[in-house]
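Okay, structure first, notes after.
The values are calculated or read from the model by the stated rules, or taken from the named source; none is laboratory data. As the structure is a prediction and not an experimental result, all values here were calculated from the model. Cβ coordinates were reconstructed from backbone atoms using ideal geometry, including for glycine residues, and neighbour counts include every protein chain displayed.
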Amino acid sequence: MLEFTPLFEIRANVAAAQVTADGPYGTRRFIPINGGSFSGDRLEGRVLPGGADCQLIRPDGVAELDVRVALQTADGVVLLMKGVGMRHGPAEVLARLAHGERVDPREYYFRETMMFEAPRGPYDWLNRLIAVGTGQRQADQVVIQIFQLH
């Protein structure tokens, strides 16, 4: 039986996408992550600048997400979070998101799986879990509720 425990909420600030359109597999978008924060019962801190979401927008409109981001805990430990997932929805909803409108996250699908790399010490328990998240895209920020999968 699957069980989920809230792990943290991440708020990642994102810059404008760098786009390579109409490639052989679809459109590629490289979206720089330039900061943010995360907070939960067991850990909190800031999102370090320098990460990115490397997306493939497939011909069927699905955005395949491939994220790498460094998180720095409140006590200074740097962790790596890797995420893969997808976002899709009705064309008119995705158009509203693309124009920076605030859209109810129930109108589109945004799910991701996460794994972590942590140094030995107080956060190495993250190295032995898989997390899942449900997200929402805002004009210049991505907000994801992340849950530990048991």
Selection within segment 124-150 - farther than 15 Å from Ile10 by Cβ and in a loop (DSSP other than H, G, I, E, B): Leu129, Ala139, His150
Test result for Ile33, crowded, with 19+ Cβ neighbours inside 10 Å and within 14 Å of the chain's Cα centre (by Cα): yes
Looking only at segment 43-61, and only at residues there that are out of contact with any Gly (no Cβ under 8 Å at 6 or more places or on another chain), surrounded by fewer than 16 Cβ atoms within 10 Å (Cβ to Cβ) and modelled with pLDDT of 95 or more, the one that is farthest from Pro122 (Cα to Cα): Cys54
Selection from segment 62-82 of residues that are within 13 Å of Tyr123 (Cβ to Cβ) and either among the β-branched types (Val, Ile, Thr) or in contact with a Lys or Arg (Cβ under 9 Å, 6 or more places away or on another chain) (or both): Leu71, Gln72, Thr73, Ala74, Val77, Val78, Leu80, Met81
Neighbours by Cβ (under 6 Å, 6+ apart or cross-chain): first from segment 4-28, farther than 17 Å from Arg137 by Cα and in contact (Cβ under 8 Å) with a residue 24 or more places away in the chain; second charged (D, E, K, R) and surrounded by fewer than 16 Cβ atoms within 10 Å (Cβ to Cβ): Gly26/Arg58
Lone unmet requirement of (1) modelled with pLDDT under 95; (2) closer than 26 Å to Tyr25 by Cα; (3) not basic (Lys, Arg) for Glu101: (2)
Any pair with Cβ under 6 angstrom, 6 or more apart, that starts in segment 132-150 at a residue that is free of Cβ contacts under 8 Å to residues at least 60 places away in the same chain and ends at one that is among the small types (Gly, Ala, Ser) and part of a loop (DSSP other than H, G, I, E, B): Ala139/Gly100
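Please indicate, with yes or no, whether at least one residue in segment 104-112 is among the aromatic types (Phe, Trp, Tyr), over 17 Å from Gly51 (Cα atoms) and part of a loop (DSSP other than H, G, I, E, B).
Checked segment 104-112: at least one residue is among the aromatic types (Phe, Trp, Tyr), over 17 Å from Gly51 (Cα atoms) and part of a loop (DSSP other than H, G, I, E, B).
Can you report the number of residues in segment 4-18 which are among the β-branched types (Val, Ile, Thr) and either surrounded by 14 or more Cβ atoms within 10 Å (Cβ to Cβ) or at positive phi (or both)? Break it down stepwise before answering.
To start, the set of residues in segment 4-18 that are among the β-branched types (Val, Ile, Thr) comprises 5, 10, 14.
Now drop any that are not either surrounded by 14 or more Cβ atoms within 10 Å (Cβ to Cβ) or at positive phi (or both), which leaves 10, 14.
Residues in segment 4-18 being among the β-branched types (Val, Ile, Thr) and either surrounded by 14 or more Cβ atoms within 10 Å (Cβ to Cβ) or at positive phi (or both): 2 in total.
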Segment 79-96, residues that are closer than 26 Å to Gly51 by Cβ and of a type in the set (Gly, Ala, Ser): Gly83, Gly85, Gly89
